[in-house]
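Please read the structure below before turning to the comments.
The values are calculated or read from the model by the stated rules, or taken from the named source; none is laboratory data. All values derive from a computational prediction rather than experimental measurement. In this analysis, Cβ positions are derived from the backbone assuming ideal geometry, glycine residues included, and neighbour counts consider all displayed protein chains. Each accessible area value is taken on the protein alone, full model and side chains, heavy atoms only, with ligands, DNA and RNA left out. Shrake-Rupley method; radii C 1.70, N 1.55, O 1.52, S 1.80 Å.
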Amino acid sequence: MISCLLELFLAYEEDPNVKLVILKGKGRAFCAGGDVAAVVRDIRGDDWRAGANFFLKEFTLNYLMATYSKPQVSILNGIVMGGGAGASVHGRFRVATENSVFAMPETALGLFPDVGASYFLSRLPGFFGEYVGLTGSRLDGAEMLACGLATHFVPSTKLAMLEAALCIVDSSDPVIISSIIDQYCEQPSLKEQSVYNRLDVIDRSFSQKTVEEIISALEREVVHKMDVWISTTIQTLKKASPTSLKISLRSIREGRLQGVGQCLVREYRMVCHVMRGEVSKDFLEGCRAILLDKDKNPKWEPSKLEIVTDSRVDRYFSKMNTEEWEDLKLPTRSKHNLPVYAIAKL
């Protein structure tokens with residue numbers, strides 16, 4: 001699917017008859033993410049490079065979408081997780097509905113939020129991106145709109161009309177396209193229990209320098225106020241891969257100061273280290289526990305946050321010292337042809 005989308009996006013950019021691209025899912029998901037189990041099978045068969053090739057194409061597609069010269073309208077009616085977020089959040093318009101469920105659940109699998117997530121999560125309000133990336137917390141359509149992951153909210157009953165209206169517009173002007181989507185929009189209310197109503201606690205805790213300090217800050221919050229949400233968040237962090245948590249936090253922090261291309265190049269290095277498994281084999285173990293055996297009891301190695309040293313984390317951010325491996329080479333984008341919102345991401 002990634003190869004097919006990459007081919008189509010490249011062709012559509014050159015085709016003057018194509019004014020905009022609508023991307024939607026079929027069934028109960030927009031896209032639930034990459035086939036991680038297939039990548040794990042390849043790694044177990046001693047072929048981590050097959051996975052590297054998949055990520056290379058996927059990250060190239062993410063970059064193309066982020067810097068696309070024509071508007072992309074993603075209709076996020078259903079599950080949007082992991083790679084599904086990469087195929088939509090980078091585009092110009094993201095339409096959430098009452099059925100939308102967003103998450104970046106990678107730290108529970110021994111991975112980290114990739115597909116350029118260190119770019120888009122680091123740009124959410126306050127330290128909400130750190131919270132979403134480290135905990136894998138699920139957000140609904142109203143929360144996606146509130147934090148900026150979605151640009152519009154349209155009830156699912158109006159999607160067919162919206163799509164019909166978009167199909168007859170003969171324009172690539174984002175102002176015109178936005179005004180069409182606006183005609184079908186509603187302003188959803190956040191649920192009373194929404195995590196987005198807890199931004200003060202999230203900012204106080206997830207602004208801390210290290211994962212250990214984040215957990216300590218949350219534990220202090222619990223002392224002041226018995227809150228099931230805070231204790232659940234602490235348990236979620238304690239169950240995730242310690243290595244994943246540390247590399248994810250650093251990735252999001254570095255992403256704040258980088259363009260989308262730099263984020264993807266760095267994430268490609270990181271994901272190749274994860275798949276090669278020289279620093280830690282948590283990715284294989286996480287997939288075994290969550291996706292394959294489904295015992296939900298991964299044995300992480302290193303098992304504690306304090307054992308994951310800075311020098312161990314550094315290795316994920318370094319170039320691979322293996323033959324025939326190269327950094328991700330992204331396609332050249334000309335600023336002359338790109339809209340202002342795409343140039344801003346470079």
Inset, instruction - Mind telling me which of the residues SER216, SER179, SER205 ends up being in a helix (DSSP H, G or I), of a type in the set (S, T, N, Q) and open to solvent by less than 30 Å² (accessible area, probe 1.4 Å)? - result: SER205
Legend entry - Qualifying residue in the stretch 317-331 (condition: surrounded by 13 or more Cβ atoms within 10 Å (Cβ to Cβ) and free of Cβ contacts under 8 Å to residues at least 24 places away in the same chain): no
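Return yes or no: is LEU305 open to solvent by less than 70 Å² (accessible area, probe 1.4 Å) and aliphatic (A, V, I, L, M)?
When the stated conditions are applied, LEU305 passes them.
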Inset, instruction - Output the residues belonging to the stretch 254-293 that are open to solvent by less than 10 Å² (accessible area, probe 1.4 Å), among the hydrophobic types (A, V, I, L, M, F, W, C) and either farther than 30 Å from TYR68 by Cα or outside any helix (DSSP H, G or I) (or both). - result: PHE283, CYS287, ALA289
Legend entry - Sole residue being under 23 Å from GLN258 (Cα atoms), touching a residue at least 24 places away in the same chain (Cβ under 8 Å), open to solvent by 20 Å² or more (accessible area, probe 1.4 Å) and touching a helix residue (DSSP H, G or I) at 6+ places or on another chain (Cβ under 6 Å), chosen from TYR184, TYR196, TYR119, TYR131: TYR119
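Yes/no per residue for (1) under 20 Å from ARG269 (Cβ atoms); (2) free of Cβ contacts under 8 Å to residues at least 24 places away in the same chain; (3) crowded, with 24+ Cβ neighbours inside 10 Å; (4) among the hydroxyl-bearing types (Ser, Thr, Tyr):
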| site | (1), (2), (3), (4) |
| --- | --- |
| VAL115 | yes, no, yes, no |
| GLY126 | no, no, no, no |
| LEU139 | no, no, yes, no |
| PHE153 | no, no, no, no |
Inset, instruction - Those residues that are polar (S, T, N, Q) and closer than 10 Å to ILE252 by Cα, I need them from the stretch 121-148; list them, please. - result: SER122
Inset, instruction - Keeping to the stretch 141-151, report how many residues are closer than 30 Å to ALA289 by Cβ and surrounded by fewer than 24 Cβ atoms within 10 Å (Cβ to Cβ). - result: 1
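How about the stretch 2-35: which of its residues are of a type in the set (Asp, Glu) and open to solvent by 60 Å² or more (accessible area, probe 1.4 Å)?
Within the stretch 2-35, GLU7, GLU14, ASP35 qualify.
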Legend entry - Selection within the stretch 6-31 - assigned to a loop (DSSP other than H, G, I, E, B), out of contact with any Gly (no Cβ under 6 Å at 6 or more places or on another chain) and in contact (Cβ under 8 Å) with a residue 40 or more places away in the chain: VAL18, LYS19, LEU20, GLY27
Inset, instruction - Kindly indicate whether ASP314 is more than 21 Å from the chain's Cα centre (by Cα), modelled with pLDDT of 95 or more, within 18 Å of ASP114 (Cα to Cα) and open to solvent by 30 Å² or more (accessible area, probe 1.4 Å). - result: yes
